[in-house]
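A.B. asks: Let me give you the structure first, and then I'll get to my questions.
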């Protein structure tokens, strides 16, 4: 590893840590605003903290951002402690990074196309909202494109990438009618309006959104895996051309 590549690797790990701190800080700010708002309410449905807190952590955005923060820290630590000898990250870490990268990119796209401008000012913090829906997704996209040591994955890894969103959608739809909406008092609660059959003309309208977002998830997940494979192959070719052994990396199947 040259001095320039070591400096770049170190700089990127610092950026990963800084981004993780920003994501956690933004999540904490949103959480504080949400709980603080609930504490000012007198209605039972609006002030029931267990429901308010469980709803907060049921947002795909929150789950994606917190997972990304954890994985960015883990990836930075691995690179600093194990990746300096030229090895690519282990397959498990590569897979988890591919998952959170896909989820964050989709989060950014869906928010900015479908949800921007409909935030509830009583539970949303403007700067935190931008970090969670713009800064975070853009950094994870950059991590896919330029981060050192990202490993290649087999195409079958796409099934794992899309598994969590499927589970999340099932959980959300099954849970919805068991929850009273804190803001509305309705005997249902959905984290996003495009999942609410009362707003979409029934479950048929919801199904269309789910199919569309699932398709985007599959395409973006495949692109994330494809970029990783291309970068790994290009690096291996460059090392072979320079007369060096290929880097140890996740096998491409």
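The values are calculated or read from the model by the stated rules, or taken from the named source; none is laboratory data. What you see is a predicted model, and the numbers here were worked out from it, not measured in a lab. Neighbour counts run over all protein chains shown; Cβ positions are idealised from the backbone, glycine included.
A.B. asks: Scan the stretch 170-186 for residues that are buried (at least 17 other Cβ atoms within 10 Å of the Cβ) and in a helix (DSSP H, G or I) and jot them down.
C.D. replies: 172, 176
A.B. asks: For residues that are under 24 Å from the mean Cα position of the chain (by Cα) and more than 26 Å from residue 14 (Cα to Cα), tally how many sit in the stretch 30-59. Before the answer, list the steps.
C.D. replies: First, the residues of the stretch 30-59 that are under 24 Å from the mean Cα position of the chain (by Cα): 30-35, 51-59.
Filter once more, keeping what is more than 26 Å from residue 14 (Cα to Cα): 32-35, 51-59.
Result for the stretch 30-59: 13.
A.B. asks: Follow-up question, since we're still on this one. Please go through the stretch 140-151 and pick out each residue that is under 11 Å from the mean Cα position of the chain (by Cα) and surrounded by 23 or more Cβ atoms within 10 Å (Cβ to Cβ).
C.D. replies: Quick first cut of the stretch 140-151, residues under 11 Å from the mean Cα position of the chain (by Cα) only: 140-141.
Passing the criteria: only 140.
A.B. asks: Go through (1) surrounded by fewer than 14 Cβ atoms within 10 Å (Cβ to Cβ); (2) closer than 29 Å to residue 36 by Cβ; (3) at pLDDT 95 or above one by one and return the number of the condition residue 68 breaks.
C.D. replies: Just one mismatch for residue 68, condition (1).
A.B. asks: In the stretch 103-124, which residues are surrounded by 14 or more Cβ atoms within 10 Å (Cβ to Cβ) and either in a helix (DSSP H, G or I) or modelled with pLDDT of 95 or more (or both)?
C.D. replies: Passing the criteria: 103, 104, 105, 106, 107, 108, 109, 110, 111, 114, 115.
A.B. asks: If residue 31 passes every condition in (1) more than 27 Å from residue 177 (Cβ to Cβ); (2) modelled with pLDDT of 95 or more but one, which one does it miss?
C.D. replies: Among (1) more than 27 Å from residue 177 (Cβ to Cβ); (2) modelled with pLDDT of 95 or more, the lone unmet condition for residue 31 is (1).
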